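A short write-up of the structure that comes next.
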Amino acid sequence: MQWTILLYVLHLITWQTHRAHADGNIPRAIDSFTSGNYTINKCQGVFRSTDLHQLLAQTRETIELVLSDLKLGIASPHGFRTFFKSNTNLPTVNHVFRAIAQGETLSNGKRPMFECAAPEYYKGPELETYRTLCTPPGRKPSHAASMPPLGAIVLCPEFWEASDFPGEEACLGVVGRRGRRTFADSGVELRNTKLTILLHELVHLYNPLNAAMTTPEVYDARECMALDKEASVANAENWALYAACKLNPYLLSSPYSALVLSSPSPFYI
């Protein structure tokens with residue numbers, strides 16, 4: 001019920017914005033921008049809209065490297081086997097990453113858009129809606145939230161506090177001897193970069209399997225790699241962790257391809 005109300009209010013916000021543009025009440029040059037096929041709304045004019053445009057360009061560049069890596073399937077040295085387990089997932093992974101890079105219209109006919117949860121743009125119920133998305137009760141503030149029925153990703157104030165891209169120290173390291181290797185940490189530093197956050201939320205918009213998940217999402221890198229082939233391709237963080245360090249040369253020497261969870265427990269190479 002709560003999500004139904006949120007969706008209705010967000011739909012109303014979007015409709016009012018479009019109506020205001022048509023009436024000439026809100027200058028489009030201030031309120032709305034485009035980056036490729038993505039629309040950027042209410043991101044505080046040129047300043048953050050330009051930042052987001054540059055981040056989206058970097059995301060597309062990252063995905064170009066991902067698409068090249070996907071040609072190798074489970075023979076990839078950069079994590080496909082670790083995060084997706086099987087070549088049977090290749091068509092889905094390839095299709096979704098291509099759709100993200102091109103900003104394709106979503107399966108429900110919506111054009112993908114970003115909206116910034118900037119308090120100065122909203123009043124009353126609208127502001128409370130965005131506060132609910134960005135500061136959910138009993139949880140830490142969110143960086144972003146995706147709304148697939150609207151084709152929208154809401155960028156919260158916390159998003160702008162994150163670093164843009166993962167540095168060498170953020171990319172997942174591997175520990176352990178042959179036969180029992182795992183990631184050195186949970187990947188929290190890698191997860192909390194703008195590039196990784198964007199990748200995660202964009203997968204929510206474009207991956208049809210994500211909506212069909214029957215188990216809770218996992219975010220810890222070690223939990224992500226332990227998912228089976230069906231769950232791994234449905235879990236958005238698997239995609240983000242696989243792709244986020246593709247521009248970082250450190251990854252070239254990281255043996256992700258060999259990290260697979262065997263039954264019952266040890267990691268093997």
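The values are calculated or read from the model by the stated rules, or taken from the named source; none is laboratory data. Quick caveat, the model's predicted, so the values are computed rather than measured. Cβ placement follows ideal geometry from the backbone for every residue including glycine, while neighbour counts extend to all protein chains displayed. Each accessible area value is taken on the protein alone, full model and side chains, heavy atoms only, with ligands, DNA and RNA left out. Shrake-Rupley method; radii C 1.70, N 1.55, O 1.52, S 1.80 Å.
Taking the residues in the range 188-235 that are over 20 Å from residue 170 (Cα atoms) and among the acidic types (Asp, Glu) as candidates, determine which candidate is farthest from the chain's Cα centre (by Cα). Among them, the one singled out is 228. Looking at (1) in a helix (DSSP H, G or I); (2) modelled with pLDDT of 75 or more, can you tell me which one residue 250 breaks? It fails just one condition, (2). Kindly provide the set of residues from the range 171-204 that are of a type in the set (Gly, Ala, Ser) and either over 19 Å from residue 143 (Cα atoms) or in a helix (DSSP H, G or I) (or both), ordered by number. Hits for the range 171-204 are 173, 176, 179, 184. Of the strands (runs of 3 or more DSSP E) contained entirely in the range 102-158, those carrying at least 1 residues that are open to solvent by 20 Å² or more (accessible area, probe 1.4 Å) and closer than 20 Å to residue 240 by Cβ fall at 144-147. For the range 77-101, enumerate the residues that are within 15 Å of residue 229 (Cβ to Cβ) and crowded, with 18+ Cβ neighbours inside 10 Å. Passing the criteria: 79, 80, 81, 82, 83, 84, 85, 89, 93. Per the conditions (1) among the hydrophobic types (A, V, I, L, M, F, W, C); (2) modelled with pLDDT under 90; (3) surrounded by fewer than 16 Cβ atoms within 10 Å (Cβ to Cβ); (4) touching a strand residue (DSSP E or B) at 6+ places or on another chain (Cβ under 8 Å), the sole criterion not satisfied by residue 43 is (3). Scan the range 205-237 for residues that are hydroxyl-bearing (Ser, Thr, Tyr) and assigned to a loop (DSSP other than H, G, I, E, B) and the total you get is 3. Could you list all residues from the range 189-222 that are open to solvent by 60 Å² or more (accessible area, probe 1.4 Å) and touching a residue at least 24 places away in the same chain (Cβ under 8 Å)? If the condition is that a residue be open to solvent by 60 Å² or more (accessible area, probe 1.4 Å) and touching a residue at least 24 places away in the same chain (Cβ under 8 Å), then 192, 208, 209, 211, 219, 222 are the ones that fit.
The set of residues from the range 123-176 being at pLDDT below 85, within 30 Å of residue 108 (Cβ to Cβ) and among the small types (Gly, Ala, Ser) comprises just one member, 124. Taking the residues in the range 171-188 that are touching a residue at least 60 places away in the same chain (Cβ under 8 Å) and aliphatic (A, V, I, L, M) as candidates, determine which candidate is surrounded by the fewest Cβ atoms within 10 Å (Cβ to Cβ). For the range 171-188, the residue satisfying everything is 174. Is it the case, given these coordinates, that residue 28 is within 28 Å of residue 158 (Cβ to Cβ), at pLDDT below 70 and charged (D, E, K, R)? So residue 28 passes the test.
Taking the range 159-170 as the region of interest, how many residues are in contact with a His (Cβ under 8 Å, 6 or more places away or on another chain) and buried (at least 17 other Cβ atoms within 10 Å of the Cβ)?
Of the residues in the range 159-170, the ones in contact with a His (Cβ under 8 Å, 6 or more places away or on another chain) are 159, 162.
Cutting the leftovers down to buried (at least 17 other Cβ atoms within 10 Å of the Cβ) gives us 159.
Of the residues in the range 159-170, 1 are in contact with a His (Cβ under 8 Å, 6 or more places away or on another chain) and buried (at least 17 other Cβ atoms within 10 Å of the Cβ).
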